[in-house]
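I have placed the structure first, in the form of structure tokens, so that the comments after it can refer back to it.
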Amino acid sequence: CRICGEKASGFHYGANTCEACKGFFRRSLQRKESYRCFGSGDCTIQPGKRSACAACRYKKCLALGMSKD
């Protein structure tokens with residue numbers, strides 16, 4: 001997965017991602033979440049710790065080309 005580093009399951013929303021990141025991005029779009037980072041804005045997203053900062057995870061999804069289109 002280009003977002004968290006886990007094994008990717010396919011091409012979702014424009015990026016090669018795992019099921020967890022696909023679901024996270026889908027839920028973010030559906031709920032129109034506004035996430036807030038409590039760190040410095042560049043938290044590390046890695047396997048096993050991908051839910052530590054939703055704001056940085058969502059930002060990384062967008063930066064790597066994920067979109068609702």
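The values are calculated or read from the model by the stated rules, or taken from the named source; none is laboratory data. Note that the coordinates shown come from a computational prediction; the quantities given were computed from them, not determined experimentally. Cβ: placed from backbone, ideal geometry, glycine included. Neighbour counts: every protein chain shown.
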Identify the residue in the stretch 27-58 that is touching a Cys at 6+ places or on another chain (Cβ under 9 Å) and aromatic (Phe, Trp, Tyr) and, among all such residues, is nearest to residue 15 (Cα to Cα). 35
Quick check: anything in the stretch 30-42 touching an Asp or Glu at 6+ places or on another chain (Cβ under 9 Å), assigned to a loop (DSSP other than H, G, I, E, B), in contact (Cβ under 8 Å) with a residue 24 or more places away in the chain and surrounded by fewer than 16 Cβ atoms within 10 Å (Cβ to Cβ)? no
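Could you check how many residues of the stretch 48-63 are surrounded by fewer than 16 Cβ atoms within 10 Å (Cβ to Cβ) and either in a loop (DSSP other than H, G, I, E, B) or touching a residue at least 24 places away in the same chain (Cβ under 8 Å) (or both)?
Of the residues in the stretch 48-63, 4 are surrounded by fewer than 16 Cβ atoms within 10 Å (Cβ to Cβ) and either in a loop (DSSP other than H, G, I, E, B) or touching a residue at least 24 places away in the same chain (Cβ under 8 Å) (or both).
Here's the yes/no breakdown for (1) modelled with pLDDT of 90 or more; (2) touching a Phe, Trp or Tyr at 6+ places or on another chain (Cβ under 8 Å):
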{"site": "9", "(1), (2)": "yes, no"}
{"site": "28", "(1), (2)": "yes, yes"}
{"site": "33", "(1), (2)": "no, yes"}
{"site": "42", "(1), (2)": "no, no"}
{"site": "60", "(1), (2)": "yes, no"}
{"site": "68", "(1), (2)": "no, yes"}
Suppose the filter is within 12 Å of the chain's Cα centre (by Cα) and in contact (Cβ under 8 Å) with a residue 60 or more places away in the chain; does residue 45 pass it? no
Quick check on residue 22: is it surrounded by 12 or more Cβ atoms within 10 Å (Cβ to Cβ) and touching a residue at least 40 places away in the same chain (Cβ under 8 Å)? no
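Right, residue 67: assigned to a loop (DSSP other than H, G, I, E, B) and in contact with a Gly (Cβ under 6 Å, 6 or more places away or on another chain) or not? I'd like the intermediate steps shown before the answer.
Details: assigned to a loop (DSSP other than H, G, I, E, B): yes; in contact with a Gly (Cβ under 6 Å, 6 or more places away or on another chain): yes.
So residue 67 fits the description; yes.
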